[in-house]
Each structure stands twice: as C-alpha cells, then as structure tokens.
Amino acid sequence: MPAQDEFVIEILRDVGLVTLDQIHQAEQKAEEEKIGQVEALIKLGFITERDVTKALANQFGLEMISLTDYRVPDDVLQCIPRHIAHRYKVLPVYKHDSTLTVAISDPLDVDTVDSLRYILKMNVEAVVATKSEIEVALSRYYGTADETVEKMLHDITEGEVQVNLPTRATETQIEDTTTTEADAPIIKLVGLIIMEAYRNRASDIHIEPLEKRLRVRYRIDGVLHEVDNPPKRLQPAIISRLKIMANMSIAEKRVPQDGRIQIPVMGKTLDLRVSSLPTNHGESIVMRILDKSSLLLGLGDLGFFSDDQEKMERLISLPDGIFLVTGPTGSGKTTTLYACLNAINKPDRKIITVEDPVEYQLSGINQVQVNPEINLTFAAALRSILRQAPNIIMIGEIRDLETANIAIQASLTGHLVFSTLHTNDAPSAVTRLIDMGVKPFLVASSVRAIMAQRLVRRVCKQCREPYTPTEYEMRVLNLKPEELTKTTIYKGRGCPECNRTGYRGRCGIYEIFVLDDDVRQLIYERVPANVLRARARELGMRTLREDGVRKILAGITTPEEVISITVGDEN
C-alpha cells in the first residue's frame, strides 16, 4: 500500500469513517482492479470523496469549501493563468490584499502551494475542495485542458477534422441555422476565439480578411495584439458562423450589417455587439465585448482623485443645464456617462436616454434606441421624450444642429442633460457647438461644464518596479527633480499576469472645465478656443497631461503612456 494511502486510511479510521472489515474488503478490491485503497473504499460505497477531503482538511486545520454554487470573481480568476490552473489542478477562489486563496484537493501536496507562491510572486493560502468539484470548476471557468485555439487550428490545418464551407445553396437559406456534425469544428473554433478574448480581458475582437490570410486581433487595454490566425480557407465558414450567431443575413455581403451575440462563457453570459463591413478580400468582422461589470463602477473607480470626484458629484447633482463629455472614440465616454447616471439614479428621478446603439441595459432607466430607417433620429426621439416629463436626459452624441438645439432647449426648461461630443479638449467643445450653428448666448446659458477624457494603461501591480524618468520625459511632462524625491514612479517589467506588456487595466485622465460668468462673457464675444483655454487654466483647470502627471506620481501609470496619449497637449 502506498504510504499516502496508508496515512489517509489511518485518519479515516481515527475519525470513525471506516471499519477494519471495510478496509480488508477495500484491500481485496484494490488488488483485483489495480487501484488505490482509498479509491476502492469510495467505489465500494463505504465513504464518499467528500468524506475523505473533509477528514484531510480537518486533520491539517484547513477550511473546506463547496465550489458547486460558488462564483469566482473575474479579477480573482485572472490571478492564475489558465495553463497554471490546469497544470496544478487548483482554482483561485478569493483575494485579499496581496494574498491569494486557492482551492486544492490534496492537503498533503505542499509542493503545489510552494510552487504557486514562486510562480505568481505573491502569498498563496489553501482551502480544500473535492477533486471532482475542482475539475468541473476548471472546465467551467478555463475550458478543458486541451481546448485552445492553437490546438484547434493545428487539428484543422493538419486535416484531423473536416469542415463544411458555405455553398451558394446554403447561403441563400438565411433563416436556416441548423448545423451538421461537420460544422462542429467551426462552431467550436469560433467559440474558443471568443472565450480566449474574454480570458485575455479583450474589449474587441477583430477578424480581418487580407489577401492571403485571415487575421485575428484582440484589443487589450486599448492596444491591438495579433493572435493565432485561422487558415484562409476557413474564412467563409468563420464569417458565416458569426453572422448566423448575430442574426445577420449570410446571403448579403455587399452592405455593412450590425447584430448582437449572447454567448455563455466561463459561467456568465457574454454580450457582443457585432459589425460587418465589406472589404476587398471579404467581410471584416469586429465584435465589441460588452462587459456589464463596468456599469457597476463608481466615480472613484474610473480614476478620479478625490478633488475631481467631489467636483463631478457636485456637477451631476445640478437641477438643470448641459454636462458634456468629449474625447475620441474608445476614450471611455459612455462608461463615464453610465457611471454618472448610476450615481444619480434614484426612485424620485425619471431618467431617459437616447442612444445609438443601446449598449447596456440599465435598471430603472428608460432607454431609447435610435433607428434612422423609421426616422427615429436623435432629434425626433428628443422631441418625443420631452413630453415624457423626465428629470434627466442622456443623449448618446450631439451630431447636428437640430439635436444640439433641442438639447439646449431641454436644459433651459429645467432638465439636466448629459451628452458627448467629439473634440480634442474641453474648451474646444464650445467652439464646436457654435460652428454647428448654435447661438453663442444659448451655449453660454445652457452649458454648465465640459469634461475631456482619455484612457491610460495602469502599471501591472505584479511586476512593477521603480523607474527613473529620462531627461526627455522630465522636460515634456514638466516634472521637477524635487517631486521625484517625495514619491516613487513605477514601470512594469512584464510578467505572465500582464502578457509581458507591463500594463494591466486602464483608468481615465480628465480635464474638467467649469463655466463661470467671465467664461460666458467670452463665449458671447465668440472668442477662439485658445482664449477660452487660457481662461479655464486661470480658473484652475488641469489639462489632460497635468492630470496624467498626477497619476504618474501616484504610481498608477508611466511617463511613456501619458506622453503617448496626450501628444500635442500644452501645459
């Protein structure tokens, strides 16, 4: 009998779970079937796997948990890479400060915990769960051990699996979403592409047909990363599968289409917004992964320091007026507006939004989807919702004079209006509205504040190390040597946790421009944006770069990141 089995059986006897007679029967069965005696006791029905695990947990003074109904938070799950979790048969269950708690099935295996401490560079503590529960949880959260895009592509390329490519006959059957056994590899491959994107915290999946290959890229923390590319011959099948999932027409390839996909991934339902665009070499597909957890963010989670957060809370509590958020596509404007709406979403307030498209369903808020095909434009929707007597209105984007005028009229008649505008900085939003054709006195009377924002990548906490800025970075960021003596600037070295980039996650940098009477007078006079900007600086407005410097000195991001994001920003 192996020493480990002997030790476990001794514990089981001590706690009265098995008798001597049962042990003798197990010895005989173990000999016949060439299995361990503990496994034989379980097969004979004398004890259960849970009995063994609980007895061992008690013996070593460890907590035992049930993973059946336990939901592992996403940020905890990302602490252990998939291949490490499968290799050591462990599941991360919760994290507190710098200590990660993992579920193991064998408390005798002390080497696993020691190895994890070394690999993850953090303190690791163990709780105990049954082996079968851990295996089910690993499959649920990480996928099976041999289930990867790389292996799937290898099997397809080597010809181990066959796929059906769409024919002209099948392409005309738009509503036919039935699949055959030969379609299974493509269905599995598409599912794995989406699953790996989610595992890697991607915000977008880009599938782009090029002349001789089909390129797949994930946008992670705002930067595109190319991953394993499927063979070019699979392009029609992959594109068709995605279009079927998104309820698009697979027969129509000449015009752009939009759709949505809902797919279960790692124990939760993932929502994807899908866009197809005809190109020279086929249809390009971009899928935006809509993570509903971002809706739960408070203003502090977005990257506001306490002074800016206090200013924001005061602005979004105003009874009327317009609050504009500006910045390029992908700068987090929608997330900021949703966070603002969540902060003021109370039962005594009626909130209506007009969006194109409605990306997230917000509880307690009336959301209107713009539909130009039936002439439901931003302006048309706004005219109607004003008759619904809302307190707060959110407009996805002010795109034209008609929308701008209705938004201004709404703000002047006692409504608080949130919206976005595409300008590079906050003061330029004023001149943009005037260029659209809005009268300067209306802009001055209605706009309460304008906020420009960008997203910068956060330094990875697992591999960050002190960093001394270069002379160029000191000069460009206007950093003083005495500032560096009071704080430590960090830069990520690169580790498996951050995919060797040195960054993990993003936060905002902000430029908040609050209008006062002097600024309104300047708007009446139609002064250019640079004059408004100078006045805003006099009022204490920090530029995007200056707010970025504050986050550098706080150890949140790096000089390189702030300089690249705020190119052209004047101090």
Task: Hits in the range 487-527 - residues which are among the charged types (D, E, K, R) and either in a loop (DSSP other than H, G, I, E, B) or open to solvent by 10 Å² or more (accessible area, probe 1.4 Å) (or both) - done: 491, 493, 497, 500, 504, 506, 516, 517, 518, 520, 525, 526
Task: residue 24 closer than 30 Å to residue 196 by Cα, in a helix (DSSP H, G or I) and either touching a His at 6+ places or on another chain (Cβ under 7 Å) or at pLDDT below 85 (or both) - done: no
- [ ] Please work out which residue is farthest from the chain's Cα centre (by Cα), limiting yourself to the range 314-355 and to residues that are among the hydroxyl-bearing types (Ser, Thr, Tyr) and either more than 16 Å from residue 382 (Cβ to Cβ) or modelled with pLDDT under 90 (or both).
- [x] 317
TODO: Working only within the range 459-470, note down all residues that are crowded, with 20+ Cβ neighbours inside 10 Å and in contact with an Asp or Glu (Cβ under 8 Å, 6 or more places away or on another chain).
DONE: 460, 463
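Please tell me if residue 68 is outside any helix (DSSP H, G or I), open to solvent by 70 Å² or more (accessible area, probe 1.4 Å) and either among the hydroxyl-bearing types (Ser, Thr, Tyr) or free of Cβ contacts under 8 Å to residues at least 40 places away in the same chain (or both). First the steps, then the outcome.
Working: outside any helix (DSSP H, G or I): yes; open to solvent by 70 Å² or more (accessible area, probe 1.4 Å): yes; either among the hydroxyl-bearing types (Ser, Thr, Tyr) or free of Cβ contacts under 8 Å to residues at least 40 places away in the same chain (or both): yes.
Criteria met by residue 68.
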- [ ] Take residue 357 and decide whether it is crowded, with 18+ Cβ neighbours inside 10 Å, out of contact with any Asp or Glu (no Cβ under 6 Å at 6 or more places or on another chain), in contact (Cβ under 8 Å) with a residue 40 or more places away in the chain and of a type outside the set (Ser, Thr, Tyr).
- [x] no
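Residue-wise test of (1) open to solvent by less than 20 Å² (accessible area, probe 1.4 Å); (2) at pLDDT 90 or above; (3) not basic (Lys, Arg).
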site	(1), (2), (3)
445	no, yes, yes
453	yes, yes, yes
474	no, yes, yes
529	no, no, yes
539	no, no, yes
Task: Members of the range 76-125 found to be in contact with a Leu (Cβ under 6 Å, 6 or more places away or on another chain) and over 25 Å from residue 196 (Cα atoms), listed by number - done: 107, 124
- [ ] Specify which of the listed residues (333, 350) is charged (D, E, K, R) and open to solvent by 60 Å² or more (accessible area, probe 1.4 Å).
- [x] 350
Open item on the list: On the basis of being assigned to a helix (DSSP H, G or I) and either in contact with a strand residue (DSSP E or B) (Cβ under 7 Å, 6 or more places away or on another chain) or touching a residue at least 24 places away in the same chain (Cβ under 8 Å) (or both), does residue 287 make the cut?
Closed with: no
- [ ] Go through the range 191-234 and give me each residue that's among the polar types (S, T, N, Q), in a loop (DSSP other than H, G, I, E, B) and in contact with a Phe, Trp or Tyr (Cβ under 9 Å, 6 or more places away or on another chain).
- [x] 200
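Hey, can you tell me all the residues within the range 340-390 that are of a type in the set (D, E, K, R) and in contact with a helix residue (DSSP H, G or I) (Cβ under 8 Å, 6 or more places away or on another chain)?
350, 356, 359, 383
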- [ ] Would you mention how many residues in the range 95-112 are closer than 16 Å to residue 66 by Cβ and surrounded by fewer than 11 Cβ atoms within 10 Å (Cβ to Cβ)?
- [x] 0
TODO: Give me the pairs, please: first residue somewhere in the range 522-549 and farther than 18 Å from residue 447 by Cα, second residue anywhere and among the aromatic types (Phe, Trp, Tyr), beta-carbon distance under 9 Å, and either six or more positions apart or on two chains.
DONE: 542/510; 544/510; 547/305; 547/510
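Check 52, 8, 113 and return the single one that is among the β-branched types (Val, Ile, Thr), over 28 Å from residue 269 (Cβ atoms) and free of Cβ contacts under 8 Å to residues at least 24 places away in the same chain.
113
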Task: Test set (1) in contact (Cβ under 8 Å) with a residue 60 or more places away in the chain; (2) over 26 Å from residue 519 (Cβ atoms) - residue 350 fails condition number - done: (1)
Task: Count of the range 363-378 residues which are at pLDDT 85 or above, surrounded by 15 or more Cβ atoms within 10 Å (Cβ to Cβ) and in a helix (DSSP H, G or I) - done: 0
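Return a yes/no flag: does the range 339-353 have any residue that is in a strand (DSSP E or B), within 25 Å of residue 432 (Cβ to Cβ) and either among the acidic types (Asp, Glu) or out of contact with any Lys or Arg (no Cβ under 9 Å at 6 or more places or on another chain) (or both). If you could, list the steps in order and put the result at the bottom.
Of the residues in the range 339-353, the ones in a strand (DSSP E or B) are 351-353.
Those left that are additionally within 25 Å of residue 432 (Cβ to Cβ): 352-353.
So of that shortlist, the ones also either among the acidic types (Asp, Glu) or out of contact with any Lys or Arg (no Cβ under 9 Å at 6 or more places or on another chain) (or both) come out as 352-353.
Checked against the condition, which is being in a strand (DSSP E or B), within 25 Å of residue 432 (Cβ to Cβ) and either among the acidic types (Asp, Glu) or out of contact with any Lys or Arg (no Cβ under 9 Å at 6 or more places or on another chain) (or both), the range 339-353 yields at least one hit.
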Open item on the list: Could you check the range 379-425 and list, in sequence order, the residues that are within 19 Å of residue 335 (Cα to Cα), of a type in the set (Ser, Thr, Tyr) and open to solvent by 10 Å² or more (accessible area, probe 1.4 Å)?
Closed with: 423
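The values are calculated or read from the model by the stated rules, or taken from the named source; none is laboratory data. Note that the structure is predicted; figures quoted are calculated from it, not measured. Every residue, glycine as well, gets a Cβ built from its backbone with ideal geometry; the counts of neighbours run over all protein chains shown. Just so you know, the surface numbers come from the protein's heavy atoms only, side chains and all, with ligands and any DNA or RNA stripped out. Shrake-Rupley method; radii C 1.70, N 1.55, O 1.52, S 1.80 Å.
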